[in-house]
Amino acid sequence: MSNRPAFYITTPIYYVNDVPHIGHAYTTLACDVLARFKRLDGYDVQFLTGTDEHGQKIERSAEKAGIAPLEFCDRVSARFGELAEAMNFSQDQFIRTTEERHKASVQHLWKVLEDKGFIYEDSYAGWYSVRDEAFYSESELTSGEGGEKLAPTGAPVEWVEEPSYFFRLSSLQDKLLELYDSQQDFVLPRSRLNEVRSFVAGGLEDLSISRTSFSWGVPVPGADGHVMYVWIDALANYLTAVGYPDVQSDSYQKFWPANVHMIGKDILRFHAVYWPAFLLAADLPLPQRVFAHGWWTNEGQKISKSLGNVIDPFELIDSYGLDAVRFYLLREVPFGNDGDFSRQSFVQRCNADLSNGIGNLSQRTLSMIFKNCDGALPPCGSLSVEDKELLNTIDHLVDEVRAHMNKQAFHKAFEAIWKQAAAADSYISVQEPWKLKKTDPERMNTVLYVLADVIRQLAILMQPIMPASSSKVLDQLKVTRRGFDQLGEAGRLVAGTAIDKPVGVFPRLELPSEDDT
Ligand code: ME8
């Protein structure tokens with residue numbers, strides 16, 4: 001293994017009861033962008049995604065589909081694999097909780113928790129939501145329209161009474177509070193940390209961690225008839241993927257603890273309370289951060305299968321092109337906030353920032369070079385104050401972008417990049433290179449050289465969000481070295497390099513017609 005610094009980032013593993021939709025694509029996209037960013041910035045990255053395949057919800061879905069649970073899992077898990085391909089995700093591993101290595105890993109974790117005295121046998125009598133795969137106390141429930149009891153998420157609940165093993169969650173309350181107070185960016189955004197903190201400060205009950213009324217799960221070691229509660233099984237995937245229980249393995253040594261667990265706000269409690277509690281009990285190092293992002297709605301409505309308004313990422317990619325989809329999802333909404341998807345905003349955002357913005361800047365510049373500089377990158381003469389100013393900011397832009405990426409503030413990172421594209425646009429308007437051809441061709445060369453180098457650097461920085469399009473821009477400029485160590489002086493364009501006739505990279509998108517909206 002190299003001695004580059006490590007970066008380990010994970011997505012939630014998705015339930016296979018549902019086909020992938022835009023929400024799943026969103027979380028994994030955020031991780032993909034960070035993973036790509038870190039690789040370009042010199043890190044050894046481990047980027048993990050996968051599927052969560054056990055539990056009552058999956059067992060019932062398989063039953064409904066009339067096939068065996070594993071066959072059902074194989075089928076839907078493959079669809080998530082296809083989504084990863086269609087979205088150009090760069091995961092290093094795709095884990096499935098039905099893999100043998102995972103069963104061995106979570107059974108080992110169970111034994112460690114048991115040996116350390118954190119597990120005891122009792123029985124559970126209370127409310128359970130199969131849709132959420134979560135236990136709820138009476139006081140958390142609300143009444144539905146017909147008087148039926150509902151979880152705070154709106155999911156139906158059912159009464160469960162069964163023998164069960166429990167985890168001594170209540171004994172870890174103080175340690176958890178200490179964690180939130182000493183490591184304030186353990187949960188981001190900050191408002192989510194406060195939410196978790198007050199939940200824990202309100203008192204914790206021990207957690208039921210095995211089920212006996214169905215069988216689709218990892219067997220509890222040495223306890224016939226018990227399968228593990230699906231969340232202990234699911235969370236442990238983050239350890240399995242880096243080699244647990246072999247804590248001496250190179251990958252565990254290198255990558256554990258994880259740098260970022262990226263999740264949606266719906267599963268915050270599991271990741272920011274239960275997960276650190278299991279790890280604390282097992283004496284394992286804690287992840288550095290749990291980032292809980294917001295929720296997408298579709299034209300103002302909750303996305304749900306029953307409403308029939310699920311946004312199909314495959315269809316979006318077919319309609320608008322992959323990089324536009326990638327860009328829109330992370331640029332439109334401040335990361336952490338809820339967002340509303342609309343085709344109108346999609347088309348407006350992409351046309352403004354991509355086709356008119358960076359697309360126009362690079363197409364104009366490259367066409368001027370191709371036409372006026374004999375199809376080759378022009379020489380750079382002596383630099384004016386304005387040239388130096390523009391180059392200097394772009395040479396250091398990565399520092400600002402990195403600072404935002406380290407807080408998962410994607411929208412701010414892109415805003416900073418696009419601000420520089422706008423600065424380059426103003427530079428063109430002031431310098432008017434098209435007028436210089438006759439009056440001062442040497443100066444025209446310098447202006448076009450400066451612009452081309454700015455575009456080179458913008459394209460290098462845009463690779464994480466739009467890998468294919470950035471690559472096309474860099475291909476047109478004949479840039480082969482594309483890591484962040486090539487930014488600034490280090491990778492300046494070489495004058496005299498022949499370029500091909502430029503082709504537009506960011507097509508203009510059409511506003512949807514009335515019938516489509
Ligand atoms: O919870 N907007 O799996 P899951 C934004 N298996 N994100 C959304 C979304 C939306 N409308 N809908 C879904 C599980 N997501 C467990 C996780 S991890 C050890 C186990 C995303 O299939 C978001 O990341 O229900 C959310 O947290 C996740 O999908 C839930 O996926």
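Any read-out appearing in this document is the output of simple, stated calculations on the displayed coordinates, not a laboratory observation. Computed from a predicted structure; not experimentally measured. Note: ideal-geometry Cβ built from the backbone for every residue, glycine included; neighbour counts use all protein chains shown.
Pairwise Cα distances in segment 162-296 exceed 20 Å for 50 percent of all pairs.
Segment 480-509 and segment 1-34 have their alpha-carbon centroids 29 Å apart. Note on segment 409-487: Kirkwood hydrodynamic radius from all Cα pairs is 13.7 Å, rounded to one decimal.
The residues packed around GLY504, meaning those with a beta-carbon under 14 Å from its beta-carbon, carry a net charge of +1 if Lys and Arg are +1 and Asp and Glu are -1. Given a Förster radius of 22 Å and the C-beta distance between GLU85 and SER215 as r, what FRET efficiency does 1/(1 + (r/R0)^6) yield to the nearest 0.05? So the FRET efficiency works out to roughly 0.10.
Placing one equal scatterer on every Cα of the chain and applying the Debye formula, the log10 ratio I(q)/I(0) at q = 0.05, 0.06 Å⁻¹ is -0.24, -0.34. The smallest convex shape that holds all Cα atoms of segment 27-149, its convex hull, gives 208 Å³ per residue. Candidate membrane-span-like segments in the chain, meaning DSSP H helices with Cα atoms spread over at least 27 Å of their own axis and a Kyte-Doolittle mean of -1.0 or above, are 385-405, 410-431, 441-462, with no membrane implied. The relative contact order of segment 39-122 comes to 38 percent, based on Cα pairs under 8 Å that sit 6 or more residues apart. Taking the centroid of alpha carbons for each part, segment 423-458 and segment 262-312 are 47 Å apart.
Between SER304 and GLU510, the C-beta separation translates, for a Förster distance of 30 Å, into a calculated FRET efficiency of about 0.60. Protection proxy ranking, highest mean first, for peptides 354-366, 377-389, 280-292, 29-41: 29-41, 354-366, 280-292, 377-389, where packing is the per-residue count of other beta-carbon atoms within 10 Å, averaged. On the principal axes of its alpha-carbon atoms, segment 299-347 has extents of 29, 26, 17 Å, going from largest to smallest. Count Lys and Arg as plus one, Asp and Glu as minus one, and take only other residues whose Cβ is under 14 Å from that of GLU133; the net charge is then -3.
For segment 401-454, the alpha-carbon radius of gyration amounts to 1.53 times the rule-of-thumb value 2.2 N^0.38 Å expected for a compact globular protein. Beta bridges per DSSP, both residues in the chain: antiparallel share near 50 percent. Between segment 170-206 and segment 67-123, the alpha-carbon centres lie 26 Å apart. Close amide H contacts of THR97 (hydrogens built in the peptide plane, cut-off under 5 Å, sequence separation of 5 or more or a different chain): THR51, GLU53. Counting Cα-Cα pairs of segment 152-192 in 10 Å increments starting at 0 gives whole-percent bin shares of 20, 27, 34, 20. Amide H contacts under 5 Å for GLN46: PHE7, TYR8, ILE9, restricted to partners 5 or more places along the chain or on a different chain, H placed in the peptide plane at 1.01 Å from N.
The packing ranking, built from the mean of other Cβ atoms within 10 Å per residue, places the peptides 316-329, 55-68, 6-19 in the order 6-19, 316-329, 55-68, highest first. Protection proxy ranking for 430-439, 143-152, 226-235, 109-118, using the average of other Cβ atoms within 10 Å per residue and placing the highest first: 226-235, 109-118, 430-439, 143-152.
Could you compute how fast segment 212-280 diffuses translationally, taking Rh as the Kirkwood radius over C-alpha pairs and applying Stokes-Einstein at 20 °C with viscosity 1.002 mPa s? Give it in µm² per second.
Using the Kirkwood radius from Cα pairs, D works out to 157 µm²/s.
Each residue of segment 477-482 was assigned a 3J(HN,Hα) from its phi angle through the Karplus curve 6.51 cos²θ - 1.76 cosθ + 1.60 (θ = phi - 60°); the sequence is 8, 6, 8, 9, 8, 10 Hz, with glycine and proline shown as x.
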